[in-house]
Amino acid sequence: MNNQFLDALDQFVFIVDTEYKIRAFNKSFASLYFSHFDVYPEIGQEGLMNYSPNLGELVRSSFKRGFSGERFKINNQVNGVYLEFTVSPIFDENQKVDSLVVSAHETTQTNNLIKKVSAQEEKYQYVVENIHDVIFQTDVVGNWTFLNKAWTDIFQYTVDESLNTPFYSYLHPDDVRKNELLFEPLINRKKKFCRHVIRYITKAGKVRWIKVFATLLINEDDEIIGTTGTLRDITDEKVNAHFNELLLNNVRDLICIHNQDGTYLFVSPSIEDLTGFKPHELIGKSPYDFFHPDDLKLVKERHQEVLRTKGDSTYTSCRFLKKNGDYVWVESNSKIFFDEYEIENRIITSTHEIQERKLAEESMMKALQKEKELNELKSRFVAMTTHEFKTPLSTISSSADIIEMYTERSLNADTENIIKQVKNINVEVLRMTNMMDASLFLGKIEANKTEVNKEEIDLVSLVQYIIDRQVRHQKDKRKLYFELRGTVKKVFADAQHLEHILDNLISNAFKYSPNKPSPALILTFNENNFTIDIIDYGLGIPQNQHKKVYSSFFRGDNVRNIKGTGLGLLIVYNLVKMNGGKITFESEENQGTTFTLEFPYR
C-alpha cells in the first residue's frame with residue numbers, strides 16, 4: 001500500500017487483516033488513535049483492539065460482517081469524535097476475505113467538507129480498480145449499479161454500456177435457471193452469502209467460467225436493496241482441471257503426489273485397476289505399508305536418492321500389495337518438485353505395471369540358468385566321452401599298426417587284403433580322433449576356457465607355411481593360388497587360433513571342390529585392418545542352408561560322400577569372434593564359395 005497516497009487523504013484510513021492486526025494506516029488515523037504514543041506502533045505487531053477501547057468495541061461488534069464478505073457503513077464515536085466508517089472487504093484468489101479497507105470521516109462536518117471527503121474517496125478508488133476480480137453491485141431487480149474496470153478486461157463490455165442492464169442477460173442461456181436456484185436461498189435470507197460457479201458470455205460470444213461470490217445489500221430499514229460481491233474468471237483453471245481429469249481417468253499409469261516422507265497426498269483413479277484399492281484408501285498412508293518386505297530396503301534407498309538429487313528422475317522396480325493380498329510388480333519414476341501453493345517440496349511418482357515383463361524376465365533367467373547347466377553338462381559329457389573314446393581308439397590304432405607290420409613280412413593275396421583293411425581301420429580311427437578333438441575344443445570354447453594370447457607375428461610367413469602344409473596333403477596335386485595386396489604391417493594375433501582357422505577353411509576349399517580349379521587365398525593389408533579371402537570353385541552351399549552354416553554338425557545336402565564332422569565352421573566362427581574379428585561368406589551352389597576374414601592389427 002502506498003503510504004504517501006494514504007497520507008494525502010484527510011479522512012481516516014487503515015487496513016486490518018483477519019487477526020485484527022493493522023497492515024497500513026495514514027497520518028489522519030494515527031493522529032486520532034496513537035496521539036498518546038511516543039512512536040507509532042509497528043505494522044502488524046499489535047492487535048487493533050489494544051489501542052482504544054472504543055475502537056476495540058467497533059472491531060468486536062461490526063468487523064465480522066466485513067470478514068463475511070459484506071460491504072457496509074456504520075457510525076461510531078471514537079475518542080470523542082463521531083465518525084462514519086465505510087468497511088470494504090478485499091478478497092484473495094480463493095474468494096476468501098483476507099483484509100478490510102476501513103475509511104472514516106467526521107459526520108459533524110459541513111456539506112463542503114463532506115464533498116471534500118467524497119473527492120478523496122474517489123482517489124482511493126484505485127484499490128478497487130486494480131483488483132483483477134470484478135467487483136459488482138446490483139439493484140433489487142438485478143440490474144448492474146456498479147462494475148469496476150475488471151468487468152471490461154474479462155467480458156469486453158464497457159462499464160457504461162453495462163450499467164442499468166440485468167446481470168442475467170450476460171449469463172449462458174442454459175445457466176439462467178440454475179443461477180436463479182442458486183440465488184434463491186440468499187434472496188430468502190436462508191444464508192448470508194452465495195458462492196457458486198456459472199457460465200457467462202463475453203461480448204465476442206465466448207464462454208467464460210465465473211466463480212461468483214455474492215451477498216445482500218440491506219438498508220437501514222432492513223430491506224434488501226440489491227446485491228454485491230465479486231466475479232472471478234476461472235476459465236483457464238476449469239479447462240486445466242477438465243484436461244487433468246481426462247488425463248487421470250484415462251491414463252493407465254498411476255500418478256501420485258507424496259509428502260517428502262512418502263505419505264500419499266494424491267492418488268489417481270487408476271490405482272483401482274492396478275491394485276483394487278480406491279484412492280481414498282491410500283491418502284494419508286505411507287507407501288512403505290504396501291511394498292513387499294523383500295523390496296523395502298531398495299525402495300528406501302531410492303527414496304533417499306530422490307531427496308538428494310533435487311529434480312532428477314529415479315526409477316524403482318518393486319512389488320506392490322493388492323487389495324486381495326497378492327503382489328504385483330510395478331516400476332515407478334520418482335521426482336521431487338516445489339509446490340508453490342503449499343510452499344513445500346513434494347514428490348511426484350508415475351507408476352505402471354510390469355508384471356508380465358517381470359515374469360518373462362524370471363522365465364528367461366530360469367531358461368538361461370537351465371541352458372548354462374545343460375552347457376556345463378554337455379561340456380563335461382564331451383570331455384568325458386572324448387577321453388573315454390580316445391583311449392580305446394589309441395589301442396585300436398596301435399593294434400592295427402602291429403597287424404600291418406606282421407602281415408608285411410609274408411605278403412600274399414590274403415595278407416594284402418588284411419593290410420588294406422588295417423589301413424581302413426587307421427583312417428576311421430583318425431577320423432574319429434579328429435572328431436573327438438574338435439568336440440573337446442568346441443566344449444572348451446563354449447565353457448569360456450579358451451584364452452586369447454596375442455603377440456606380434458609374421459603374418460605373411462604364417463599364411464605361406466599353412467598353405468604349403470595343406471598343399472602337400474593334396475592327393476590330386478592341386479596347388480593354392482596366393483596373392484598379397486597392400487603394404488605389409490605389424491600384426492598382433494593369436495598364432496595358434498589363426499592357424500586353426502586357416503587350416504580349416506583351406507582344407508574345406510580343397511575338400512569341397514574335387515576336380516575343380518585350384519582354390520585361392522588373398523591376403524590384403526588395409527589401413528585399419530587386414531582381410532583374408534579363401535576362394536574355391538566347388539560345390540557351394542545351397543541358398544536355403546546359408547543360415548545353418550555355423551550350426552553344430554551342419555553338413556550341406558550336396559556334400560554327398562565327402563566326409564566331415566560338421567563342427568569345423570562352428571569352431572572357426574567362435575575363434576574369429578574371440579579374436580575380435582569378423583567372418584562372412586558368399587556362396588552359390590555348383591559355383592563355389594568365398595569366405596572373408598577381417599581382423600584388427602591388434
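Residues in the range 277-293 that are in a loop (DSSP other than H, G, I, E, B) and either on the phi < 0 side of the Ramachandran plot or modelled with pLDDT under 90 (or both): Phe277, Lys278, Leu282, Ile283, Lys285, Ser286, Phe290, His292. Reported count of residues in the range 583-602, each being under 20 Å from Glu456 (Cα atoms) and of a type outside the set (A, V, I, L, M, F, W, C), is 4. Residues in the range 168-205 that are within 19 Å of Asn143 (Cβ to Cβ) and of a type in the set (Gly, Ala, Ser): Ser169 alone.
What residue, of Thr152, Thr138, is surrounded by 17 or more Cβ atoms within 10 Å (Cβ to Cβ) and under 24 Å from Lys64 (Cα atoms)? Spell out how you get there, then give the answer.
Numbers: Thr152 fails: under 24 Å from Lys64 (Cα atoms).
Selected residue: Thr138, the only one of Thr152, Thr138 that is surrounded by 17 or more Cβ atoms within 10 Å (Cβ to Cβ) and under 24 Å from Lys64 (Cα atoms).
Right, Leu274: in contact with a Ser or Thr (Cβ under 9 Å, 6 or more places away or on another chain), assigned to a helix (DSSP H, G or I) and either in contact (Cβ under 8 Å) with a residue 40 or more places away in the chain or acidic (Asp, Glu) (or both) or not?
Numbers: in contact with a Ser or Thr (Cβ under 9 Å, 6 or more places away or on another chain): yes; assigned to a helix (DSSP H, G or I): yes; either in contact (Cβ under 8 Å) with a residue 40 or more places away in the chain or acidic (Asp, Glu) (or both): yes.
It is true that Leu274 is in contact with a Ser or Thr (Cβ under 9 Å, 6 or more places away or on another chain), assigned to a helix (DSSP H, G or I) and either in contact (Cβ under 8 Å) with a residue 40 or more places away in the chain or acidic (Asp, Glu) (or both).
When the strands (runs of 3 or more DSSP E) confined to the range 144-234 are screened for residues that are among the aromatic types (Phe, Trp, Tyr) and in contact with a strand residue (DSSP E or B) (Cβ under 7 Å, 6 or more places away or on another chain), those reaching at least 1 such residues are found at 144-147, 193-201, 207-218. Would you mind stating whether Tyr537 is of a type in the set (Phe, Trp, Tyr), touching a Phe, Trp or Tyr at 6+ places or on another chain (Cβ under 8 Å) and farther than 20 Å from Val463 by Cα? Criteria not met by Tyr537. When the range 461-510 is limited to residues that are over 20 Å from Lys582 (Cβ atoms), modelled with pLDDT of 90 or more and acidic (Asp, Glu), the one that is least open to solvent (accessible area, probe 1.4 Å) turns out to be Glu483.
The set of residues from the range 511-522 being of a type in the set (A, V, I, L, M, F, W, C) and crowded, with 21+ Cβ neighbours inside 10 Å comprises just one member, Leu521.
Applying the criterion of being out of contact with any Lys or Arg (no Cβ under 8 Å at 6 or more places or on another chain) and under 15 Å from Ala493 (Cβ atoms) to the residues of the range 558-578, the residue that is surrounded by the fewest Cβ atoms within 10 Å (Cβ to Cβ) is Lys577.
None of Thr235, Thr202 is modelled with pLDDT under 90, hydroxyl-bearing (Ser, Thr, Tyr) and over 23 Å from Pro89 (Cβ atoms) except Thr235. Here Ser270 clears all of (1) in contact with a strand residue (DSSP E or B) (Cβ under 8 Å, 6 or more places away or on another chain); (2) modelled with pLDDT of 90 or more except the condition numbered (2).
The condition of being at pLDDT below 90, touching a Leu at 6+ places or on another chain (Cβ under 9 Å) and not polar (S, T, N, Q) holds for Met432.
The values are calculated or read from the model by the stated rules, or taken from the named source; none is laboratory data. Computed from a predicted structure; not experimentally measured. Cβ: placed from backbone, ideal geometry, glycine included. Neighbour counts: every protein chain shown. Quick note on the areas: whole protein, heavy atoms, side chains included, nothing else; ligands and nucleic acids left out. Shrake-Rupley method; radii C 1.70, N 1.55, O 1.52, S 1.80 Å.
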